[in-house]
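See below for the structure under consideration.
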Amino acid sequence: MTAAAERTIEGSAQAGRVDLAVAAIAGISRAHAQRLIGDGRALVDGRQRRSSDRLVGGERLTVELSAPADPALVPESIPLSIAYEDSDMLIVDKPAGLVVHPSAGHGAGTLVNALLGRARDLGQPLGSIAGVGRPGIVHRLDKETSGLIVVAKTDAAQASLMRQFGERTVEKAYLALVRGEAPSPRGRIEAPVGRDPRDRQRMAVIAGGRDATTEYESLAAGGGYTLLELHPLTGRTHQIRAHLAYLDLPIAGDLRYGGGEGPGGLRRQFLHAARLGLERPADQLRLRAWSELPPELAQSLEAAGMDTSRARLPSGVGAEVVE
């Protein structure tokens with residue numbers, strides 16, 4: 001295997017599916033390989049093929065791990081709260097209401113626009129291997145979900161972080177206030193999640209959906225609500241929201257999934273990405289980050305009259321390396 005040019009990898013394909021051959025050559029996840037193939041950035045003997053096409057072995061693969069900037073993406077000066085930063089990555093404490101990347105109806109004012117503005121002002125790069133519309137993006141949070149989100153500054157860091165998410169070695173802990181009482185102090189939800197056939201803007205537990213697993217622990221209860229800590233072991237769209245609605249425990253303030261207005265008049269979903277654990281791409285040391293509940297969620301807990309003194313909630317925003 002040789003590098004044909006900066007951020008371009010060439011090699012001889014192994015027999016089997018195109019996506020598996022690309023993943024092996026570039027040292028990336030299968031999902032990442034499929035994105036590159038679909039974008040025309042992974043070629044077989046100079047031609048674009050489908051991920052599922054079969055190779056006999058020996059074909060020449062060319063994998064482009066960088067992408068040109070998207071001229072439609074405009075850098076914007078949007079303040080960001082940073083929980084952690086080094087030369088390879090940063091962890092942003094995202095506020096509710098901030099969309100992660102541009103999409104229909106959200107062409108500006110997104111986290112991507114903010115990251116581009118920050119990179120411009122500080123003279124820093126952003127990883128490019130997730131596609132031109134997702135510079136630095138490794139994973140995502142829903143618009144109204146607050147908390148920790150990882151951003152890569154380099155292609156190598158982005159590949160490492162995407163691989164960790166793909167291999168499910170990233171520790172993720174969310175806090176959610178749900179309407180009702182959990183069936184047990186601790187539990188595990190294993191139920192397939194897919195597009196709700198009755199409402200295409202929702203996800204739901206359905207036959208034929210993608211496998212999804214979420215673990216939960218009850219931290220406190222009161223006022224008809226339960227505060228849960230949740231650990232999604234898979235990363236399906238709206239997974240936590242759909243799983244909790246399936247248990248008839250909709251998230252307070254989540255109007256789309258039946259949670260209704262939350263305590264204190266809360267009208268955003270009480271879902272917060274509170275803790276994150278992963279390996280730093282530079283040295284593989286374990287990094288743990290945390291983010292306390294934003295004021296509107298803390299006030300909603302107070303309005304519910306819930307005693308959270310034993311709930312082990314994070315305080316402040318920050319990160320530490322675990323030796």
Margin query: Whole percent per 5 Å bin, from 0 to the bin with the longest distance: what is P(r) over all C-alpha pairs of the range 82-198?
Written below: 2, 10, 17, 21, 19, 14, 9, 6, 3, 1, 0
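Can you bin the range 213-255 into rounded, prolate or oblate? Criterion: square roots of the alpha carbon gyration tensor eigenvalues sorted a ≥ b ≥ c, rounded for a/c under 1.5, prolate for a/b above b/c, oblate for the rest.
oblate
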Next item on the list: Using a Gaussian network model of the chain whose springs link C-alpha atoms within less than 10 Å, name the residue from Gly277, Gly123, Gly97 with the highest mean-square fluctuation.
Entry: Gly123
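Show Ser77, Ser29 ordered by accessible area, largest first, where the area counts protein heavy atoms only and the probe is 1.4 Å. All intermediate terms of the calculation are to be shown ahead of the outcome.
Values: Ser77 95, Ser29 25 Å².
From most accessible down to least: Ser77, Ser29.
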Next item on the list: Report the dimensions of the range 176-323 along its three principal axes from the alpha-carbon atoms, largest first, rounded to Å.
Entry: 48, 39, 27
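Taking a probe of 1.4 Å, how large is the accessible area per residue of the chain, in Å²? Please list the in-between numbers first.
Values: 14830 Å² over 323 residues.
It amounts to 46 Å² per residue over the chain.
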Check: What is the distance in Å between the Cα centres of the range 107-129 and the range 257-311?
Finding: 25 Å
Note to self: Using a 1.4 Å probe on the protein heavy atoms only, what accessible surface does Lys172 show? Give it in Å² to the nearest 10.
What the structure shows: 40 Å²
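Pop out the carbon and sulfur fraction of the accessible area of the chain as a percent, whole number, probe 1.4 Å.
The value for the chain is 48 percent carbon and sulfur by accessible area.
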Next item on the list: Name the long-range amide H neighbours of Glu215: under 5 Å, sequence gap of 5 or more, or other chain; modelled H, no Pro or chain starts.
Entry: Ile189, His231, Leu233
Notebook entry, point to check: Quick one: helix 111-122 against the long Cα principal axis of the chain, what's the angle to the nearest 10°, folded into 0 to 90?
Noted result: 70 degrees
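Can you tell me the dipole magnitude for the chain around its Cα centre, using point charges on the Cβ only (Lys, Arg +1; Asp, Glu -1), in Debye to the nearest 20?
Values: 39 positive and 39 negative charges, 184 e Å.
That gives a dipole near 880 debye.
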Notebook entry, point to check: Does anyone have the angle between helix 155-166 and the longest principal axis of the chain? Alpha-carbon axes, 0 to 90°, nearest 10?
Noted result: 50 degrees
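In terms of solvent-accessible area of protein heavy atoms at a 1.4 angstrom probe, what is the ranking of Leu73, Leu177, highest value first?
On the way: Leu73 25, Leu177 0 Å².
Correct descending sequence by accessible area is Leu73, Leu177.
Would you work out if the range 250-323 is rounded, prolate or oblate? Take a ≥ b ≥ c from the square roots of the eigenvalues of the alpha-carbon gyration tensor; rounded if a/c is under 1.5, else prolate when a/b is larger than b/c, oblate otherwise.
Values: a/c = 3.54, a/b = 2.06, b/c = 1.72.
Prolate, since a/c reaches 1.5 and a/b exceeds b/c.
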Check: Over the heavy atoms of Phe165, what accessible area does a 1.4 Å probe trace out, to the nearest 10 Å²?
Finding: 40 Å²
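Output the relative contact order of the chain, whole-number percent, from Cα pairs under 8 angstrom with separation of 6+ residues. Could the numbers behind the result be given before it?
Values: 758 pairs, mean separation 43.1, N = 323.
Once divided by the residue count of the chain, the mean separation gives 13 percent.
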Notebook entry, point to check: What number, in nm² with one decimal, is the all-direction average of the projected area of the convex hull of the alpha-carbon atoms of the chain?
Noted result: 17.7 nm²
Margin query: Tell me which of Val92, Leu111, Leu65 sits at the most positive position along the dipole axis of the chain, charges placed on C-beta atoms (Lys, Arg +1; Asp, Glu -1).
Written below: Leu65
Notebook entry, point to check: Roughly how many Å² of Glu302 are accessible to a 1.4 Å probe, to the nearest 10?
Noted result: 140 Å²
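The values are calculated or read from the model by the stated rules, or taken from the named source; none is laboratory data. Predicted model, so just to flag it, every value in this text is computed and none were measured. Counting neighbours? That spans all protein chains shown, and the Cβs are built from the backbone with ideal geometry, glycine included. Protein only, heavy atoms only, side chains kept; ligands, DNA and RNA dropped before computing areas. Shrake-Rupley method; radii C 1.70, N 1.55, O 1.52, S 1.80 Å.
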